1. Report the label-to-label distance for D197 and E228 in nanometres (one decimal), using points 7 Å from each Cα along the Cα→Cβ vector.
2. Taking θ = phi - 60°, what integer Hz values does the Karplus form 6.51 cos²θ - 1.76 cosθ + 1.60 yield along the stretch 151-156, in sequence order, with x for Gly and Pro?
3. Near the amide H of N134, under 5 Å away, which other amide H atoms are found, from residues 5 or more places off or on another chain, if H is placed in the peptide plane?
4. Tell me the label-point distance for the pair E62, R178, using the 7 Å Cα-to-Cβ offset, in nm and rounded to one decimal.
5. Stretched out fully, how many nm does the piece from A69 to K190 gain, at 0.36 nm a residue minus the Cα gap?
6. Across the stretch 201-214, in residue order, what do the Karplus-derived ³J(HN,Hα) couplings come to in whole Hz, using 6.51 cos²θ - 1.76 cosθ + 1.60 with θ = phi - 60° and x for Gly and Pro?
7. How much of the DSSP bridge set in the chain is antiparallel, in percent, rounded to the nearest 5?
8. Cross-chain or 8 or more residues apart, Cα under 21 Å: how many lysine pairs in the stretch 99-228 fit that? Count them up, please.
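The values are calculated or read from the model by the stated rules, or taken from the named source; none is laboratory data. The shown structure was predicted, so the numbers you read here are calculated from the model rather than taken from an experiment. Note that we place each Cβ from the backbone using ideal geometry, even for glycine, and neighbour counts take in every protein chain shown. These accessible areas exclude ligands, DNA and RNA; they are computed on the full protein's heavy atoms, side chains included. Shrake-Rupley method; radii C 1.70, N 1.55, O 1.52, S 1.80 Å.
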Amino acid sequence: MQAVIMAGGKGTRLATVTKNIPKPMVPIEGKPLLEYQIENLKENGVTNIILVVGHLGNVIQEHFGDGSAFGVSISYFLEESPLGTAGALAKIKDRLEETFFLVFGDLFININYDRFLTFHRDTGALMTLFAHPNSHPYDSDIIITDDESRVTGWSYKKDVRTEDYRNLVNAGLYVMQRSAVDEIENVQAKKGEDKVDLEKELIIPLIPTCPIYAYHSTEYVKDIGTPE
């Protein structure tokens, strides 16, 4: 299995911690956050990893190399200009497996990827979102699903909410079919630019017509957004 990790974030809110390192390299108990991600992937048999790097990407490459020291195979894609949260996938389309995990590099993760993948395959989804409850749903985007866990709507954190929703928040972790990248290319063609927002420009517009599902889990996925 394959994972693409978006590891190009600048980590502006973590400036006091990151300084001269990219956000995914922030140390936790003396080890980079990204290393924990890669270890969790390896534990689940996901050993083909593409790292999308940008800001200070050389720091990541120097630490991980080809991945052999960590028991995985790592290749890289360098974003020479920002491509948003999805644009880079179109650039590496020919390197993607039919089904792959998409992971954002600012998450501390300890999950069972095999269960996540099984759910995705059983539903026949084009894309599956890892969805979980969090401690601040009032300022988070809420995923709305039907009884079969198919995504039917999206409540933005800035929306005026007139009804109660389940505490079901998008974690920033996905299983995708490579064919979903065709839709990214369509967005790029319409916009005339390569920068694409995964949620606003890909997922949400596809909800009415494509099988987008939410995998409900309370496993540990935590955004590393602030020093605290």
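1. Distance between the two pseudo-spin positions: 2.6 nm.
2. 6, 10, x, 8, 10, 5
3. Close amide H contacts, sequence-distant or interchain: V169.
4. Those two pseudo-labels are separated by 3.5 nm.
5. Numbers: separation 121, 0.36 × 121 = 43.56 nm, distance 4.24 nm.
Difference between extended and current length: 39.3 nm.
6. 9, 10, 5, 4, x, 7, 3, x, 10, 10, x, 10, 10, 10
7. Working: 22 of 43 bridges.
Expressed as a percentage, antiparallel bridges in the chain total about 50.
8. Details: K157/K200; K157/K222; K158/K200; K190/K200; K191/K200.
Number of lysine pairs found: 5.
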